[in-house]
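Trainee: Here you go, one structure.
The values are calculated or read from the model by the stated rules, or taken from the named source; none is laboratory data. Since we're looking at a predicted model, the values are computed, not measured. Neighbour counts are summed over all protein chains in view; Cβ atoms, including those assigned to glycine, are modelled from backbone coordinates with ideal geometry.
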Amino acid sequence: MRSGAKTAVIGGVFLVVAGGVGYGAYTGLVGPGAPNTSAEVRTGPLTAEEVDGAAKEFLTQWASGKDASAVGQLTTDATAAASYINSFREEARVTSPVITPGVAVGTRVPFTVSATVTFEGKSAPWEYGSELTVVRGQTTGRPVVAWTPSVLYPKLTTATRLVTGEASAPQIDAVDRNGVELTAEKYPSLGPILNELREKYGKDAGGSPGIELALKADESAAGAADQPADQTLVQLAEGIPGKLTTTLDATVQGAAERSVKTFSEASVAAVKPSTGEILAIANNRADGFNAAMLGKQAPGSTMKIVTAALLLEKGLIGADKAAECPKDASYMGRGFTNLNGFSLDDQPFSTSFARSCNTAFIKLIDDVGDDSALGKEAAEVFGIGLDNWKTGVPTFDGSVPATAGGEAAAQYIGQGTVQMNVLNMASITATVKDGAFKQPVLVAPTLDNRQTATAARTLSPAVAQQLRRMMRITATSGTAATAMSGLGGDKGAKTGSAEVDGQETSNSWFAGYRDDLAAAAVVQAGGHGGDAAGPVVAAVLGAG
């Protein structure tokens, strides 16, 4: 993993247990390359015997403590494999692994590892599963293991490393705004966030570090800066955890966790409009990425909230003023249409907003007279795109880059170069509800005296009132009505569907508020905003 890794072997006895179908035929170790003893370079698909033999040979030699260079020779990248195997033994301090192969599926062979992690007289067991793939060597034709760091541990990459030693930060006992304990076991979406909070606030929270095996960013590798905070895998000795109070609400968080599980690849965020406090963050994604706070996607028609604010401030529309909504429109050579080609005649702009009429927005961009005006509105009123949010953990703060022509028009309806995540859209919705931008926060700024972001100006009362009225109409009789029908109180919403190149079905977006709670959600390939993301948001708003 690192060029300075030593070649000495640390540890006790290493074993391979032949537990998979096909391995019973092997009664002892075979020499390197034994499945292909002919001088002729073999080609063609691998046989089951070749897959079994190559996998067993690699796993046996890795577990037995053989010189890492020799083990590396059994892979497609001998140098890299040897370095990682060396580090697995010396930096991760993994000893006495028992590796049990599973049943091969084609050229893929799953296996489990049961080992001990040892450091300065402390030890703890470590068990996990991984898999390898056998391929034919390009030059030798010999069956070998396709090298990738994830063979040694599934989450290991070229930008991370496994290290055992004193923790870089103390553990934390995180609690919600009411003192309810927050754990990754009960609230899985909070796992990456709790790691970030621990890394930043562990010492400030009054804890002391323990000894652990952790997955860390490899600071010498490309992409290290994009890696999440250290992830504890095995704790050898407990430190003293510090207590950290967050702005989260366990009830709302629980609703968010349940709602995103209804759909694959879904994210939701909820904030308190009057304060900017984040009440919930949840993701249901195969890759474990915190897309709710770090995602970058086109938000579709939920962006029309910002566009409507711009047009209202320019005096180009009024909620009750008639607006053109033809079935199609164009700007600077780029054409736009409405869903299923609908049009509206002699209707107020609030109806175009509630029905999500694209052309009603596109028709007015020429009257604005500044193709970059939308980005200015997003930054000056909604705090978007300034890259200065300090929530307490890393976030992407949205982006509406300056552009021109047809690309600028696409931004008006949340397509093109606009990039948002659901925390951004929840904040935008909260700004409309409150009338002023309050930067989202996950922990109180007083904890570390950080300066939160502010917006250059607030919405005028008249504009804010019209925006809320249009969002209420959308929630009661427009495209968001079905999703919001079960909610009472002061409510408003906006739906969105964002087209993605190469994706047959659009992403489903939804933003809404109810009293002093605002939320936004996205469901990848979920279709119309009210169909998938809408129920997710409604469930969260209903828990507030």
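Trainee: Test of understanding: among 533, 519, 498, which residue is of a type outside the set (S, T, N, Q), more than 24 Å from residue 442 (Cβ to Cβ), under 22 Å from the mean Cα position of the chain (by Cα) and surrounded by 15 or more Cβ atoms within 10 Å (Cβ to Cβ)? Lay out the reasoning, then the answer.
Mentor: Values: 533 fails: more than 24 Å from residue 442 (Cβ to Cβ); 519 fails: more than 24 Å from residue 442 (Cβ to Cβ).
On inspection, the qualifying residue turns out to be 498.
Trainee: Pull out all pairs, ordered by first then second residue, where Cβ-Cβ is under 6 Å, the residues are six or more apart or on different chains, the first lies in segment 485-500 and is within 12 Å of residue 520 (Cα to Cα), and the second is at pLDDT 95 or above and among the polar types (S, T, N, Q).
Mentor: Short answer, once both residue conditions are applied: 493/474; 494/302; 494/474; 495/479; 496/301; 496/302.
Trainee: Here's a check for you: in segment 187-220, which residue that is touching an Asp or Glu at 6+ places or on another chain (Cβ under 7 Å) and of a type in the set (Gly, Ala, Ser) is farthest from residue 159 (Cα to Cα)?
Mentor: It comes out as 210.
Trainee: Can I ask one more? Looking at the structure I just gave you, is residue 482 assigned to a loop (DSSP other than H, G, I, E, B), modelled with pLDDT of 95 or more and surrounded by fewer than 24 Cβ atoms within 10 Å (Cβ to Cβ)?
Mentor: no
Trainee: Another question, then. If I ask for residues that are of a type in the set (A, V, I, L, M) and over 26 Å from residue 299 (Cβ atoms), which ones from segment 240-276 would you list? Explain how you work it out, then say what you get.
Mentor: Narrowing segment 240-276 to residues of a type in the set (A, V, I, L, M): 240, 244, 248, 250, 252, 255-256, 260, 266, 268-271.
Selection gives 240, 244, 250.
Trainee: Specify which of the listed residues (28, 12) is surrounded by fewer than 18 Cβ atoms within 10 Å (Cβ to Cβ), more than 17 Å from residue 134 (Cβ to Cβ), at pLDDT below 80 and in contact with a Ser or Thr (Cβ under 8 Å, 6 or more places away or on another chain).
Mentor: That would be 12, the only listed residue that is surrounded by fewer than 18 Cβ atoms within 10 Å (Cβ to Cβ), more than 17 Å from residue 134 (Cβ to Cβ), at pLDDT below 80 and in contact with a Ser or Thr (Cβ under 8 Å, 6 or more places away or on another chain).
Trainee: Looking at the structure I just gave you, is residue 311 touching a residue at least 12 places away in the same chain (Cβ under 8 Å), over 29 Å from the mean Cα position of the chain (by Cα) and surrounded by 24 or more Cβ atoms within 10 Å (Cβ to Cβ)?
Mentor: Here the answer is yes, as residue 311 does meet what is asked.
Trainee: Please indicate, with yes or no, whether at least one residue in segment 324-338 is under 35 Å from the mean Cα position of the chain (by Cα), free of Cβ contacts under 8 Å to residues at least 24 places away in the same chain and not in a strand (DSSP E or B).
Mentor: Looking for residues that are under 35 Å from the mean Cα position of the chain (by Cα), free of Cβ contacts under 8 Å to residues at least 24 places away in the same chain and not in a strand (DSSP E or B), one finds at least one in segment 324-338, hence yes.
Trainee: Let me ask you something else. Any idea which of (1) part of a strand (DSSP E or B); (2) of a type in the set (Val, Ile, Thr); (3) surrounded by fewer than 20 Cβ atoms within 10 Å (Cβ to Cβ) is the one residue 134 doesn't satisfy?
Mentor: That leaves (3) as the condition not met.
Trainee: Take the residues of segment 412-432 that are part of a loop (DSSP other than H, G, I, E, B), in contact (Cβ under 8 Å) with a residue 40 or more places away in the chain and not small (Gly, Ala, Ser): which is surrounded by the most Cβ atoms within 10 Å (Cβ to Cβ)?
Mentor: The residue in question is 418.
Trainee: Give me the residue from segment 440-458 that is surrounded by 13 or more Cβ atoms within 10 Å (Cβ to Cβ) and in a helix (DSSP H, G or I) and, out of that set, modelled with the lowest pLDDT.
Mentor: Checking each candidate, the answer is 447.
Trainee: Look at residue 69 and say whether it is assigned to a helix (DSSP H, G or I) and under 28 Å from residue 288 (Cα atoms).
Mentor: no
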